[in-house]
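Student: Take this structure first; my questions come after.
The values are calculated or read from the model by the stated rules, or taken from the named source; none is laboratory data. Model, not experiment: these values are computed from the prediction. Here the Cβ positions follow ideal geometry from the backbone for every residue, glycine too, while neighbour counts run over all protein chains shown. Remember, those area values only see protein heavy atoms, side chains included, never the ligands or the DNA or RNA. Shrake-Rupley method; radii C 1.70, N 1.55, O 1.52, S 1.80 Å.
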Amino acid sequence: MIKINYKLSNVLKTNFILILIPIFIISFVTLQILEVYAKRVILDKNVLLAKSVAYQVETFLDHPLSILRQLEVIISEKQLVDEQEIRSYLEATIDNYKIFESIQILDTKGEIKYVAPFNQNIIGLDMSGQEFFQQTIKHNQTFWSPSFISLQTSQPTVTITMPLKKGIAVAYLNLAKLNDFNNRIHIGKENFFIAITDQKGNFISHYNKEKVYQRDNKNNLNKLNYNEDTYQTNYEGKDMLISTAHVENSSWRVIIYQSKDEAFAPVYQVRDIFIAGLIISLTIALILSTISAKEILLSFKNLTRKTKEIATGNYNFNLKYDSYKEFNDLAESINTMSENIKLREKALMETNKELEQFAYVASHDLKAPLRGIANLSEWIEEDIRDVLQDESRSMMDLLRGRVRRMEALIDGILQYSRVGRTRVEYQVADVEAMLRDLIDDLDLPREFTVIIESGMPTFNTDRTRLMQVFSNLISNAFKHHNRTDGTVTISVKDCGEFYEFVVTDDGPGIAPEYHAKVFEIFQTLQPRDKMESTGVGLAIVKKIIENQGGTIRLDSQEGQGVKFSFTWSKRNQIRIINKA
Amino acid sequence: MVSKKHLYFIFFVFSIFLFISLTGCTKKEPIKIGLVGNLTGRASELAVTGRNGAELAVNKINKAGGINGHPVQLIIKDDKNDPATALRVDQELIDEGVAAIIGHYTSKTVLGVLPLINQEEMLMISPTVSINSITGLDDNFIRVIAPDKIQSHLLASNAMQQENIKKIAIVYDLSNKEYTEEFYINFINQYIQQGGQVLLTRAFTSGSDSNYVELAKELKDSGAEGILVVANGMDTALFCQHLRKLDSKAKVMTCMWAMTSDLMQNGGSAVEGILMASSYDKDQPNEVYTNFKKEYLKKYGTEPTYSSVYSYEAAQVLFKAIEKSNNLNTKTIKNKLLEIKEFPGLQNNFMIDQYGDAKRSYSVFTIKTGQFKRVIHD
């Protein structure tokens, strides 16, 4: 499975958005709920206000009702019999109670018998066509008429009628008084006002008196007849809240009109404050998180730079931090690590230096007597040349050969020991050109062919070591070939983070039981007497390859040539810690 | 992983969505229609019930989506039955940019504003003004009620031929004399032509100052067999009441102007048997009318009057003409209206001729047990 590494900055941004979205959603939902709830409270409050006003109107109307009841009692129980007494009583009632415009007593046929204020012309008029007469006679109970134009005043009026033993009493209400009452409980004007309608929806009290005089009816009777509630509607071009309540004793309706904007202004204010607060909070959060993210990313950048410096061997780069505690701790740890690496490197350098010196001295001290032995053998051979027999001469050659072998072994040990300890120098290596130079340097016989396949890379690497690997493998292939006209083929495969080089020959091959042995130091497949070899070449190749993180593999069968495959990293890796 | 491109795209789409929802799609401008009549005072019943009828028409058209998608807005004004006020409110309506005016409801006010509406190229359509003197004029005035000559002639003929009334007395209201004078004169012409005799003619001005009692006495004492009262419903009722009190046996006749609910409410038994000529039959069984009546009753709690019906029809006529015009130019609307000629009424179809005068059929009606009842057909 391929692992995808995300950028921290993108992750931080995404996380911020992922936090933002639920905050927005939750805030929006919360706001909606709060708004609905707050508006409901206002709507209910308006209904309560309407009910309260309706109660006040009811109380207001109780007075004329009670006067009429009194009248009914007086007339029905014949407490007043004389016509003049009745007229006087009625006149006094009109004088004392300005709520009444006039009072009439009608007989059972609907004819006016008495009227106050007295008007002879009205006496005897037939009011049987009026709804108030018909309804009162039919139901024998108090009736509140809808508004109609008064015959006497030519203005809209409403009547309260009360059944008497013989006939009915009709009281014409002064709607101006009703308007005065409305004005006393005045709330506002166009955007917040109270109106009263009769049971048919005609205005009988309104801040705009024209609506009363014109018997304006803008109500939806069905809705308002039965439900005391608040409705949202468009009234005369404005969005209004209309709250209604019944006036029980008269079947009138009290209607409170309030501009929706005015009513919900506090809700909208809270909403706007909430939104503003949310935007400000989120903006601050965004700014703070951006600053924090930038600080974090900068800290990472600096830390990365420091570790790179350390990787290049610069241990004097001291990270100074005044940031988050974790970064401070990390910086301190890196500084400590850097210091420790510096000390260990120094110790290692000294150790390597000592080791190098030792190896040099050891090789020099070991090689010196060997040279002495070789020289002595030559001198002795020269001295006793006359008497030296052939067998003895060949033994001297053998002696000198052993000395040279020893020297080669010592050089091989030195060389092997140096692998991985000398400083690596990275340089651009054109592998094809490098191989061609190498082949020239190896001075192979003309008939021995080295084929370099196409696709050889050019890349930044430890050119010296790579050349050493190829040199050892090619010279090994030639040395161990059973023919002078052999062929070595070198190919390459790009494996992503590394190259896989393959060196194949058509020589005698290596039996599988020896595959592991060939990479051991000082191990040879053939006796040294038969083929002079130090036995360190492939060991060195293996060590070089493994030091830069690669692997080497041998594929061969006896008689089928040898195929060495090794991987070489493309990345520059600083491994060497000692100057050569 | 949300990339920058994704974020920009989401933001763009969200902005578009927000823009569309805030602009709330495209709302069409309302078509303003004025309605003007005497909404206050003694004779306000005609205009008040007319206004109600027009409101029903407006509600209906708006529920159906308006005129070509435009909602209709009714702007209502009160002319107080005063020509000066009528001029002022008409000008206000013109200034408010109304496409047409429904009204006025009395001849007096219409005559006062005719020059203005012709000058300002404003279309006016009246539900109830039947004055004869403006018949056959090519102007911006249209009406859905027939000229009153037909009424007065029918009434006169009925008085002579059906009721055998040979002698009459007349009383008429000066507060709308443009109509009342013309009506009674046309009546007299027809009546005299058929051999009738006019014993007395009296005028009064509607209102509480008028001495209805004395006039009633004069009418009764004239010895007339029939009394023609050319007045509104309330005043006609009052005269009938006083005549009844005086035990007058004369047959009372009146004009269509009085055919409102306040005639019966204020007249009681005194108006039983009264005669009038009308093109409106409240008991017509027509389904369209029955549904209208139900709707009117449901909304206003009372039965419609002829003014309610004709105002509704006037509004419908106007809406139809505007719909066909596709613009609000007065000439275009008027021409389209006159092109249509025949219109479906709530009770019967009616015609509007090339001068904007309506043709309707009339019958004689009376009041029986508190209800208007047809007597004979035209």
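Student: From (1) more than 14 Å from chain B (Cβ to nearest Cβ); (2) closer than 23 Å to A:Ile275 by Cα, pick out the condition that doesn't hold for A:Pro64.
Tutor: That leaves (2) as the condition not met.
Student: Residues that are within 14 Å of another protein chain (Cβ to nearest Cβ), in a loop (DSSP other than H, G, I, E, B), touching a residue at least 24 places away in the same chain (Cβ under 8 Å) and surrounded by fewer than 18 Cβ atoms within 10 Å (Cβ to Cβ): does the stretch A:111-120 have at least one? So that I can check it myself, show each step before the final result.
Tutor: Initial filter on the stretch A:111-120 (within 14 Å of another protein chain (Cβ to nearest Cβ)): A:111-113, A:115, A:117, A:119-120.
If we keep only those that are in a loop (DSSP other than H, G, I, E, B) as well, we get A:117, A:119-120.
From the residues that got through so far, the ones that are touching a residue at least 24 places away in the same chain (Cβ under 8 Å) too are A:117, A:119.
With the extra rule that they be surrounded by fewer than 18 Cβ atoms within 10 Å (Cβ to Cβ), the set shrinks to A:117, A:119.
Yes - at least one qualifying residue is present in the stretch A:111-120.
Every residue, every condition in (1) basic (Lys, Arg); (2) under 19 Å from the mean Cα position of the chain (by Cα); (3) buried (at least 17 other Cβ atoms within 10 Å of the Cβ); (4) not in a loop (DSSP other than H, G, I, E, B), yes or no:
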position	(1), (2), (3), (4)
B:Val58	no, yes, yes, yes
B:Lys77	yes, yes, yes, yes
B:Glu92	no, no, no, yes
B:Tyr105	no, yes, yes, no
B:Glu121	no, no, no, no
B:Ser133	no, yes, no, yes
B:Leu137	no, no, no, no
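Student: For the stretch A:512-532, what are the residues that are open to solvent by less than 60 Å² (accessible area, probe 1.4 Å), among the aliphatic types (A, V, I, L, M) and modelled with pLDDT under 75?
Tutor: A:Met531
Student: Only one of A:Ile67, A:Ile74, A:Ile103, A:Ile149 is closer than 23 Å to A:Trp252 by Cα, out of contact with any strand residue (DSSP E or B) (no Cβ under 7 Å at 6 or more places or on another chain) and β-branched (Val, Ile, Thr). Can you tell me which? Show your work before the answer.
Tutor: Values: A:Ile74 fails: closer than 23 Å to A:Trp252 by Cα; A:Ile103 fails: out of contact with any strand residue (DSSP E or B) (no Cβ under 7 Å at 6 or more places or on another chain); A:Ile149 fails: out of contact with any strand residue (DSSP E or B) (no Cβ under 7 Å at 6 or more places or on another chain).
Sole residue among the options that is closer than 23 Å to A:Trp252 by Cα, out of contact with any strand residue (DSSP E or B) (no Cβ under 7 Å at 6 or more places or on another chain) and β-branched (Val, Ile, Thr): A:Ile67.
Student: Next up: Restricting attention to helices (runs of 4 or more DSSP H) lying wholly within the stretch A:385-483, give those where 2 or more residues are surrounded by fewer than 18 Cβ atoms within 10 Å (Cβ to Cβ) and among the acidic types (Asp, Glu).
Tutor: Answer list for the stretch A:385-483: A:390-418, A:431-442.
Student: Something else: With open to solvent by 60 Å² or more (accessible area, probe 1.4 Å), acidic (Asp, Glu) and within 14 Å of another protein chain (Cβ to nearest Cβ) as the only criterion, which of B:Glu295, B:Glu339 stands out?
Tutor: Being open to solvent by 60 Å² or more (accessible area, probe 1.4 Å), acidic (Asp, Glu) and within 14 Å of another protein chain (Cβ to nearest Cβ) holds for just one of B:Glu295, B:Glu339, which is B:Glu295.
Student: State which residue pairs qualify: first residue within 11 Å of chain A (Cβ to nearest Cβ) and charged (D, E, K, R) and inside the stretch B:47-72, second residue in a loop (DSSP other than H, G, I, E, B) and open to solvent by less than 10 Å² (accessible area, probe 1.4 Å) in any location, beta carbons under 7 Å apart, and separation of 6 or more residues or different chains.
Tutor: Going by the 7 Å Cβ cut-off, the qualifying pairs are B:Arg51/B:Leu39.
Student: In the stretch B:361-371, is there at least one residue being within 14 Å of chain A (Cβ to nearest Cβ) and in contact with a Phe, Trp or Tyr (Cβ under 8 Å, 6 or more places away or on another chain)?
Tutor: No.
Student: For the condition surrounded by 24 or more Cβ atoms within 10 Å (Cβ to Cβ), among the acidic types (Asp, Glu) and away from every other protein chain (no Cβ under 14 Å), what is the one hit in B:Glu323, B:Glu313?
Tutor: B:Glu313
Student: Give just the number: which of (1) surrounded by fewer than 13 Cβ atoms within 10 Å (Cβ to Cβ); (2) under 30 Å from A:Leu282 (Cβ atoms); (3) not aromatic (Phe, Trp, Tyr) does A:Glu77 not satisfy?
Tutor: (2)
Student: Let me ask something else. Being within 13 Å of another protein chain (Cβ to nearest Cβ) and under 26 Å from B:Asn186 (Cβ atoms) is true for just one of B:Cys255, B:Cys240. Which residue is that?
Tutor: B:Cys240
Student: If I go through the stretch A:273-290 residue by residue, how many of them are exposed (fewer than 14 other Cβ atoms within 10 Å of the Cβ), in contact (Cβ under 8 Å) with a residue 12 or more places away in the chain and closer than 23 Å to A:Asn15 by Cβ? Working first, answer last.
Tutor: Our first condition is that a residue be exposed (fewer than 14 other Cβ atoms within 10 Å of the Cβ); within the stretch A:273-290, this holds for A:273, A:275-277, A:279-281, A:283-284, A:286-288, A:290.
Okay, now just the ones that are also in contact (Cβ under 8 Å) with a residue 12 or more places away in the chain, so A:275, A:286.
Among the residues that remain, those that are also closer than 23 Å to A:Asn15 by Cβ are: A:286.
Of the residues in that region, 1 qualify.
Student: Could you grab me the full set of residues in the stretch B:25-46 that are part of a loop (DSSP other than H, G, I, E, B) and either facing chain A (nearest Cβ under 10 Å) or closer than 17 Å to B:Glu303 by Cβ (or both)? Outline the logic, then answer.
Tutor: First, the residues of the stretch B:25-46 that are part of a loop (DSSP other than H, G, I, E, B): B:25-30, B:38-44.
Across the stretch B:25-46, the qualifying residues are B:Pro30, B:Asn38, B:Leu39, B:Thr40, B:Gly41, B:Arg42, B:Ala43, B:Ser44.
Student: So, of the residues in the stretch A:150-161 that are open to solvent by less than 10 Å² (accessible area, probe 1.4 Å) and either part of a loop (DSSP other than H, G, I, E, B) or hydrophobic (A, V, I, L, M, F, W, C) (or both), which turns out to be farthest from the other protein chains (Cβ to nearest Cβ)?
Tutor: Of everything passing the filter in the stretch A:150-161, A:Ile160 is farthest from the other protein chains (Cβ to nearest Cβ).
Student: Please state which one of A:Ser128, A:Ser88 is without any contact (Cβ under 8 Å) to a residue 40 or more places away in the chain, over 60 Å from the mean Cα position of the chain (by Cα) and within 14 Å of chain B (Cβ to nearest Cβ).
Tutor: A:Ser128
Student: Is it the case, given these coordinates, that B:Gln354 is over 29 Å from B:Ala159 (Cα atoms), over 20 Å from the mean Cα position of the chain (by Cα) and not charged (D, E, K, R)?
Tutor: When the stated conditions are applied, B:Gln354 passes them.
Student: Hey, another quick one. Anything in the stretch A:131-147 that is at the interface with chain B (Cβ under 9 Å from one of its Cβ atoms), at pLDDT 90 or above and touching a Gly at 6+ places or on another chain (Cβ under 9 Å)? List them, or say none.
Tutor: A:Phe133, A:Gln134
Student: Only residues in the stretch A:96-110 that are within 14 Å of chain B (Cβ to nearest Cβ) count as the first member; pair them with residues that are open to solvent by 20 Å² or more (accessible area, probe 1.4 Å) and part of a strand (DSSP E or B), Cβ under 6 angstrom, at least 6 apart or cross-chain, and list the lot.
Tutor: Between residues of the stretch A:96-110 that are within 14 Å of chain B (Cβ to nearest Cβ) and residues that are open to solvent by 20 Å² or more (accessible area, probe 1.4 Å) and part of a strand (DSSP E or B), the close pairs are A:Asp107/A:Lys113.
Student: Still on this structure, please answer the following. Among the residues of the stretch B:260-271, is any of a type in the set (Gly, Ala, Ser), within 13 Å of another protein chain (Cβ to nearest Cβ), out of contact with any strand residue (DSSP E or B) (no Cβ under 8 Å at 6 or more places or on another chain) and in a loop (DSSP other than H, G, I, E, B)? Give the steps one after another, and end with the answer.
Tutor: Taking the stretch B:260-271 as the starting set, the residues that turn out to be of a type in the set (Gly, Ala, Ser) are B:261, B:267-270.
Filter once more, so that each one left must be within 13 Å of another protein chain (Cβ to nearest Cβ): B:261, B:267-270.
Checking the rest, the ones that are also out of contact with any strand residue (DSSP E or B) (no Cβ under 8 Å at 6 or more places or on another chain) come to B:261.
Imposing the further condition that a residue be in a loop (DSSP other than H, G, I, E, B) reduces the set to none.
No, the stretch B:260-271 contains no residue that is of a type in the set (Gly, Ala, Ser), within 13 Å of another protein chain (Cβ to nearest Cβ), out of contact with any strand residue (DSSP E or B) (no Cβ under 8 Å at 6 or more places or on another chain) and in a loop (DSSP other than H, G, I, E, B).
Student: May I pose another question? Starting from the stretch A:543-558, keep only residues that are in contact (Cβ under 8 Å) with a residue 24 or more places away in the chain, then list their pairs with residues that are in a helix (DSSP H, G or I) whose Cβ atoms are within a distance under 6 Å, requiring at least 6 positions of separation or different chains.
Tutor: A:Ile544/A:Arg465; A:Ile544/A:Val469; A:Ile552/A:Lys542; A:Ile552/A:Ile545
Student: Is it true that B:Ile101 is of a type in the set (Val, Ile, Thr) and either within 23 Å of B:Ser278 (Cα to Cα) or open to solvent by less than 10 Å² (accessible area, probe 1.4 Å) (or both)? Walk me through it before giving the result.
Tutor: Numbers: of a type in the set (Val, Ile, Thr): yes; either within 23 Å of B:Ser278 (Cα to Cα) or open to solvent by less than 10 Å² (accessible area, probe 1.4 Å) (or both): yes.
Yes; evaluated as a whole, the condition is true for this residue.
Student: Consider B:Pro127 against the criteria (1) within 24 Å of B:Met351 (Cα to Cα); (2) at pLDDT 95 or above; (3) touching a Leu at 6+ places or on another chain (Cβ under 8 Å): it satisfies all of them except one. Which criterion is unmet?
Tutor: Of (1) within 24 Å of B:Met351 (Cα to Cα); (2) at pLDDT 95 or above; (3) touching a Leu at 6+ places or on another chain (Cβ under 8 Å), only one is false for B:Pro127: (3).
Student: Please state which of the following conditions B:Lys282 fails to meet, knowing it meets all the rest: (1) open to solvent by 10 Å² or more (accessible area, probe 1.4 Å); (2) modelled with pLDDT under 95; (3) closer than 27 Å to B:Leu123 by Cα; (4) of a type outside the set (A, V, I, L, M, F, W, C).
Tutor: So the condition that B:Lys282 fails would be (3).
Student: Closer than 28 Å to B:Glu121 by Cα and in contact with a Phe, Trp or Tyr (Cβ under 8 Å, 6 or more places away or on another chain) - does that describe any residue in the stretch B:325-341?
Tutor: Step one: of the stretch B:325-341, the residues closer than 28 Å to B:Glu121 by Cα are B:325-341.
When the remaining residues are screened for being in contact with a Phe, Trp or Tyr (Cβ under 8 Å, 6 or more places away or on another chain), the result is none.
No, the stretch B:325-341 has no match at all.
Student: Report, by residue number, each residue of the stretch A:290-342 that is small (Gly, Ala, Ser) and either in a helix (DSSP H, G or I) or modelled with pLDDT of 80 or more (or both). Steps first, answer last, please.
Tutor: So the first thing to find is which residues in the stretch A:290-342 are small (Gly, Ala, Ser), and the list is A:292-293, A:299, A:311, A:313, A:323, A:331, A:333, A:338.
Those that are small (Gly, Ala, Ser) and either in a helix (DSSP H, G or I) or modelled with pLDDT of 80 or more (or both): A:Ser292, A:Ala293, A:Ser299, A:Ala311, A:Ala331, A:Ser333, A:Ser338.
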